[in-house]
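Before any comments, here is the structure.
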Amino acid sequence: GVEAIDILLAYKRSLANLHSINMSIIGEKISNHIPDYKMAALLGNLLDNAIENCQNLELDNKWIQVIIRKVGEISLIKITNPYFQIPQCVNGRLATSKENKQIHGIGSRSVQETVKQYGGTITYEYTDGKFCVVVSFFN
């Protein structure tokens, strides 16, 4: 229901398809108090990470599930994908697994800053080979 977000999701789905990744999206319009460009940047960074994590997996295990919903006064973004190695956290933040740590991880920091700026929470879970990030904003 938000043009910028709809365009972004369509683009990321087509990008995923180029890498033989099946992306399912369940979405509805959520929080109005976050500018569209901030929400697009947040979603874009989260989806880039999920797509990158799936690229090196076996063909039959390439999938991403995106859920964007409003539940009562809470706006939720949940992205789940398979993950081939357990993610590392440093000081409560997800750490990049890439070689040059100085130039990587900027997207994750941007997501965390946006979540903090708009009074939200972000949680990460890794269970049974699935990585899940949940961002919640309270309206």
Worksheet entry | Of all residues in the range 110-133 being outside any strand (DSSP E or B) and either in contact with a helix residue (DSSP H, G or I) (Cβ under 9 Å, 6 or more places away or on another chain) or among the aromatic types (Phe, Trp, Tyr) (or both), the one that is farthest from Asp36 (Cα to Cα) | Gly129
Worksheet item: Which one is farthest from Asn139 (Cα to Cα) among residues in the range 102-118 that are open to solvent by 30 Å² or more (accessible area, probe 1.4 Å) and modelled with pLDDT of 90 or more?
Response: Glu113
Worksheet item: Taking into account only those residues within the range 1-10 that are of a type in the set (A, V, I, L, M) and under 19 Å from Phe137 (Cβ atoms), which is most open to solvent (accessible area, probe 1.4 Å)?
Response: Ala4
Discussion item. Which pairs turn up if I take residues in the range 64-81 that are exposed (fewer than 15 other Cβ atoms within 10 Å of the Cβ) and look for partners that are assigned to a strand (DSSP E or B) with beta carbon separation below 6 Å, at least 6 apart in sequence or on another chain?
Written reply: Arg69/Leu76
Worksheet item: Out of all the residues in the range 11-49, which are of a type in the set (Lys, Arg) and either at pLDDT 95 or above or open to solvent by less than 60 Å² (accessible area, probe 1.4 Å) (or both)?
Response: Lys12, Arg13, Lys38
Discussion item. List pairs: first residue in the range 3-22 and under 14 Å from Ala50 (Cβ atoms) and free of Cβ contacts under 8 Å to residues at least 60 places away in the same chain, second residue β-branched (Val, Ile, Thr) and open to solvent by 40 Å² or more (accessible area, probe 1.4 Å) anywhere in the structure, Cβ distance under 8 angstrom, at least six positions apart or on different chains.
Written reply: Leu9/Ile25; Arg13/Ile25
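The values are calculated or read from the model by the stated rules, or taken from the named source; none is laboratory data. Keep in mind the model is a prediction, meaning the values are calculated, not measured. Methodologically, a virtual Cβ is constructed for each residue, glycine included, from the backbone with ideal geometry; neighbour enumeration extends over all protein chains shown. Each accessible area value is taken on the protein alone, full model and side chains, heavy atoms only, with ligands, DNA and RNA left out. Shrake-Rupley method; radii C 1.70, N 1.55, O 1.52, S 1.80 Å.
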